[in-house]
1. For residues that are of a type outside the set (S, T, N, Q) and closer than 18 Å to SER17 by Cβ, scanning just the range 113-125, find the one that is surrounded by the most Cβ atoms within 10 Å (Cβ to Cβ).
2. Looking at the range 168-182, I want the residues that are among the polar types (S, T, N, Q) and have a partner that is assigned to a loop (DSSP other than H, G, I, E, B) with Cβ atoms under 7 Å, at least 6 apart or on another chain. Which pairs are those?
3. Working only within the range 154-183, note down all residues that are assigned to a loop (DSSP other than H, G, I, E, B), open to solvent by 20 Å² or more (accessible area, probe 1.4 Å) and not polar (S, T, N, Q).
4. Can you tell me which of (1) more than 14 Å from GLY227 (Cβ to Cβ); (2) surrounded by fewer than 16 Cβ atoms within 10 Å (Cβ to Cβ) is the one VAL325 doesn't meet?
5. Report whether or not GLY158 is in contact (Cβ under 8 Å) with a residue 40 or more places away in the chain and more than 28 Å from LEU46 (Cβ to Cβ).
6. In the range 108-153, which residues are closer than 15 Å to GLY285 by Cα, part of a loop (DSSP other than H, G, I, E, B) and over 15 Å from the mean Cα position of the chain (by Cα)?
7. Please enumerate the residues belonging to the range 76-107 that are among the hydrophobic types (A, V, I, L, M, F, W, C) and either at pLDDT below 80 or part of a loop (DSSP other than H, G, I, E, B) (or both).
8. Which residue pairs have Cβ atoms under 7 Å apart, sit 6 or more places apart or on different chains, and have a first residue in the range 107-125 that is free of Cβ contacts under 8 Å to residues at least 12 places away in the same chain and on the phi < 0 side of the Ramachandran plot and a second that is of a type in the set (Gly, Ala, Ser) and open to solvent by less than 70 Å² (accessible area, probe 1.4 Å)?
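The values are calculated or read from the model by the stated rules, or taken from the named source; none is laboratory data. Note that the structure is predicted; figures quoted are calculated from it, not measured. Cβ sites come from the backbone with ideal geometry, for glycine too, and all protein chains shown count toward neighbours. For accessibility, only protein heavy atoms count, side chains too; no ligands or nucleic acids. Shrake-Rupley method; radii C 1.70, N 1.55, O 1.52, S 1.80 Å.
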Amino acid sequence: MKIVVLAGGRSPERNVSLSSGAKITAALRKKGHAAVLIDLFLGDALSDVATIDELFQRQPVNNDYAISTEILTNAAIDALRTTDRSGLFGPHVLEICAAADIVFLALHGEDGENGKLQATFDLFGIRYTGSGALASGIAMDKQLTKELLLQHNIQTPGYAVVKKGEPLPTLTFGLPAIVKPVNGGSSIGMQIVHTSMELEQAVVAAFQFDSKVVIEAYITGREFSVGIVNGQVLPAIEIIVDQGWYDYLHKYQTNGATYQTPPQIPVAVYEDMQALAVTTMAVLGLTNYGRIDFLWDQQALYVLEGNSLPGMTPHSLLPQEAAAVGISYPELCEQIIYGKLALLAD
């Protein structure tokens, strides 16, 4: 198949996305597909090919999939463009994606996961992996996610939401708490706060990444994730952080965390977690594949969020879960593609 792996974009998670995209591209080419990596924001000048079809034969650049520790700002990303072109789509992106049999979305962060890109592709009849526009938008918005979870009696940590320019709300759950941008991932803009002053400072910092911020009750517990691919529930994985908490550096740099799959927890808790992952996927409307994150405090399971485009970097959770049941990385990429094509055929 001719496959565009779409990565990059202009999210603060741009570097993470490029790592996922390069690894996915290499895996699909290993499986015999004509896969090409395209940067959503920078596009492709097509200067080395006569036609778009020739692009799919381009040899990929060697990549060690390393992820920079730098969290990119909008200004830093905008500076990557050498022209005055505006908007999210770089040169020829839509034409290239339209020429592919399917687009593998390796994007992370708001612009790639909030449903706008998916809606654009729907309008152009471009096939892509992952969930549709509405489910993507809901899963990306932590406030909407929590509201839906609570409506379906799924336990999630208590929270309050504050918009830019509004006063801080009174917290019914007190401190410590966790401050997060409502839209975003990879723990970018996220902080644990213990005092009122820290709370104010963390909210201001989070507003660099979004106009709405969620303040979430801090729950001491063990952290887990469960991936689902085409209805198959993968083994849960436990994230064990050596020091501190599971922040951006721990997620993407070596020696920051260790992982246990399957985790050593009571069978009943494990089974409840997997069942709850299936329920949460359905409640959020996620299809094809996704990942649900949990906390367990020895008494209750809490759903933190759903991920519509889970990371596919060397340190990401979903590939580790798949490997635990004998699914190699290239096989996982193919399963995601064929699963989505099957959904579209129904």
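1. By that ranking, first place goes to GLU113.
2. Within 7 Å, the pairs are THR172/GLY158.
3. Scanning the range 154-183 gives GLY158, LYS164, GLY165, GLU166, PRO167, LEU168, PRO169, LEU171, PHE173, GLY174, LEU175, PRO176.
4. Here VAL325 clears every test but (1).
5. yes
6. HIS152
7. Listed by number, the residues that qualify are ALA79, LEU80, LEU88, PHE89, ALA100, ALA106, LEU107.
8. Close Cβ pairs satisfying both conditions: ASP122/ALA133.
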